[in-house]
Amino acid sequence: MSLPEFRLLRPRTVEGALAHLATHRGNIRVLAGGTDLVPSMRQKLFEPEYVLDLRGISSLRGIRPQSDGGVEIGALTTIRAIERSDFLRQHYPVLTEAAATVASPVLRNMGTIGGNICLDTRCLWYNQSLTWRKGCGFCIKKDGDLCHVAPGGTKCWAAFSGDTPAALLCLNAEIEIASASGLRRVPLHEFYTGLGDDYRRLQPDEIVTRVLLPASSADYCGVYRKLRVRGSIDYPLAGVAVVMKHSSGHVADARIGITAVNPAPVLVKGAGELLADKVVNETLAEAVGDLAAKTAKPLTTSALTPEYRREMIRVFTKRAVMACAQVAGRN
Ligand SMILES: Cc1cc2nc3c(=O)[nH]c(=O)nc-3n(C[C@H](O)[C@H](O)[C@H](O)COP(=O)(O)OP(=O)(O)OC[C@H]3O[C@@H](n4cnc5c(N)ncnc54)[C@H](O)[C@@H]3O)c2cc1C
Ligand code: SF4
């Protein structure tokens, strides 16, 4: 599949990038590592006149610990750099665990944290060639007006399929978004809409510039578990991130994030309350797994059945809670 024709713009500064976005608003796509954008362009899912290559903007790279104990991560920082960061492994281990499961080593060398957060949602009926999609009469997410997954409905249920956002949600991450009119900071959980088609709150003239992890989320034990077809490369078909802190042998605080089973990555409501002040055992971990499974709403958007994916959310959550409790209890 060939790439559609486009003009490549290569700014050296954030201001230069924002000026291009303001000028070509609506007819331009941002490229970071390109590991998702380029295959999607080959499938003619996007046919922009301009592609804005951010890779020349060095100020958007890097992991910068802050004096208050938090950390800033530039949006262009590669997934590989995150996976290999000693600072992040020590203080935000759930993020390095999730990063290590993204795609394959080659893709992690190219792919960025900004691209992982902004990743398009995925569906069996959407991530296909133009000919394939045309043969099926297209669908709501692009060029059509029906959903093959939930016929009769008007909503797109394509699944958000990035790994690191589940971990970032557990860490109460914020992102910084820049446009020609200034900067805004958004809690990551407010960035996603929950819709499969219009899945993120990002205007056409905006880019994500930084990810901010607060000091208050540092030093939690963290575990990430993921279901995929090929262990060496695939997108998640279900993913669970757990963070936990102990005090005197009891859970002091915990959060659980799930991905790839809804149109947005989400925190499991009530999980922290269920675990608070308790000693983790199998029964409690199972109850938390049940809660996570109820939060998961997978549909037939991927190669594995929704029932299996929901069940694996239950199983992975239980296992991750048990594993996290063991590590947290030792610290
Ligand atoms: C075979 C294969 C397997 C994969 N497996 C996984 C996996 O297991 N887990 C996973 O999470 N991902 C997976 N991916 C997807 C992808 O490699 C990663 O999500 C990667 O982190 C995307 O980052 P990128 O920089 O390459 O994004 P790009 O492809 O450059 O961009 C992705 C999207 O984000 C937008 N974007 C990028 N950066 C910004 C920014 N700073 N501001 C605003 N918009 C931006 C782009 O416009 C585009 O819409 C896989 C991809 C392939 C091809
Ligand atoms: S969930 Fe429905 S509308 Fe969305 S991409 Fe899949 S088939 Fe298309």
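Just checking the listed ones, Lys318, Lys44, Lys245: in the Gaussian network model of the chain with Cα springs under 10 Å, the one fluctuating most is Lys44.
Once both labels are positioned 7 Å from their Cα atoms along Cα-to-Cβ, the gap between Thr154 and Ser104 label points is 4.3 nm. The lysines within cross-link reach of Lys226, meaning a Cα-to-Cα straight distance under 27 Å and a gap of 8 or more places when in the same chain, are Lys141, Lys155, Lys245, Lys269, Lys278, Lys294, Lys297, Lys318. Once the Cα atoms are used to define both axes, helix 282-295 deviates from the longest principal axis of the chain by about 20 degrees. What part of the accessible area of the range 68-111, given as a whole %, is carbon or sulfur when the probe is 1.4 angstrom? The nonpolar share, carbon plus sulfur, comes to 54 percent. Ranking Leu202, Leu107 from most to least accessible surface, computed with a 1.4 Å probe over the protein chains only, gives Leu107, Leu202. Solvent-accessible area assigned to carbon and sulfur over the range 185-331 amounts to 52 percent, based on a 1.4 Å probe. When the chain is described by a simple charge dipole with +1 on each Lys and Arg Cβ and -1 on each Asp and Glu Cβ, the residue from Tyr235, Gly135, Leu213 located farthest towards its positive end is Gly135. Counted by Cβ distance under 14 Å from Thr193, the other residues give a net charge of 0, where Lys and Arg count +1 and Asp and Glu count -1. Here the Karplus curve 6.51 cos²θ - 1.76 cosθ + 1.60, taken at θ = phi - 60°, turns the phi angles of the range 185-197 into couplings of 10, 10, x, 4, 5, 8, 6, 9, 8, x, 9, x, 8 Hz, with x standing for Gly and Pro. Helices in the chain, meaning DSSP H runs of at least 4 residues, each add -39500 (n - 2.57). Divided by all residues, the mean residue ellipticity at 222 nm is -9000 deg cm²/dmol. Charge tally around Trp157: other residues with Cβ under 12 Å, Lys/Arg +1 each, Asp/Glu -1 each, net +3. If a spin label sat at a point 7 angstrom from the Cα of Gln66 along the line to its beta carbon, the backbone N atoms of the range 188-230 nearer than 15 Å would be those of 188, 209-219. Taking amide hydrogens as placed 1.01 Å from N in the peptide plane, the amide H of Thr209 sits under 5 Å from those of Glu176, Ile177, Ala178, each at least 5 positions away in sequence or on another chain. The equivalent ellipsoid that matches the C-alpha gyration tensor of the chain spans semi-axes of 33, 25, 16 angstrom, in descending order. Magnitude of the charge dipole for the range 20-140, about its Cα centre and with charges confined to Cβ atoms of Lys, Arg (+1) and Asp, Glu (-1), is about 360 debye. Solvent-accessible area of Ser85, all protein chains in place: 10 Å² (probe radius 1.4 Å, heavy atoms, ligands and nucleic acids excluded). Cut-off 10 angstrom, C-alpha nodes, Gaussian network model of the chain. Which of Pro263, Pro236, Pro48 fluctuates the most? Highest fluctuation of the listed residues: Pro48. Heavy-atom accessible surface of the range 75-177, averaged per residue, reaches 38 Å², computed with a 1.4 Å probe. Using θ = phi - 60° in the Karplus curve 6.51 cos²θ - 1.76 cosθ + 1.60, the 3J(HN,Hα) couplings for the range 146-153 round to 9, 10, 6, 7, 10, x, x, x Hz; x is entered for Gly and Pro. Remark on Arg200: its backbone amide H falls under 5 Å from those of Thr193, a criterion applied only to residues 5 or more positions apart or on other chains, H modelled at 1.01 Å from N.
With 0.36 nm allotted per residue and the present C-alpha distance subtracted, the Glu190-Phe46 stretch has 49.3 nm of extension available.
Charging the Cβ of each Asp and Glu at -1 and of each Lys and Arg at +1, and nothing else, the dipole of the chain about its Cα centre rounds to 560 debye.
Its residue count N sets the reference 2.2 N^0.38 Å, and the alpha-carbon radius of gyration of the range 1-47 equals 1.20 times that reference.
Projecting label points 7 angstrom from Cα along Cα→Cβ for Leu146 and Ser181 puts them 4.0 nm apart.
With the simple spin-label model, which puts each label point 7 Å out from Cα in the Cβ direction, the Asn27 to Glu282 separation comes to 6.4 nm. Counted residue by residue at 0.36 nm each, then reduced by the alpha carbon distance between them, the extension gain from Arg10 to Gln90 reaches 25.3 nm.
Among 128-135, 88-95, sorting by the average number of other beta carbon atoms lying within 10 angstrom of each residue, highest first, gives 88-95, 128-135.
The values are calculated or read from the model by the stated rules, or taken from the named source; none is laboratory data. Bear in mind that the values here come from a model prediction, so they are computed numbers and not experimental data. Counting neighbours? That spans all protein chains shown, and the Cβs are built from the backbone with ideal geometry, glycine included. Side chains are part of the model used for accessible areas, which takes the heavy atoms of the whole protein and leaves out ligands, DNA and RNA. Shrake-Rupley method; radii C 1.70, N 1.55, O 1.52, S 1.80 Å.
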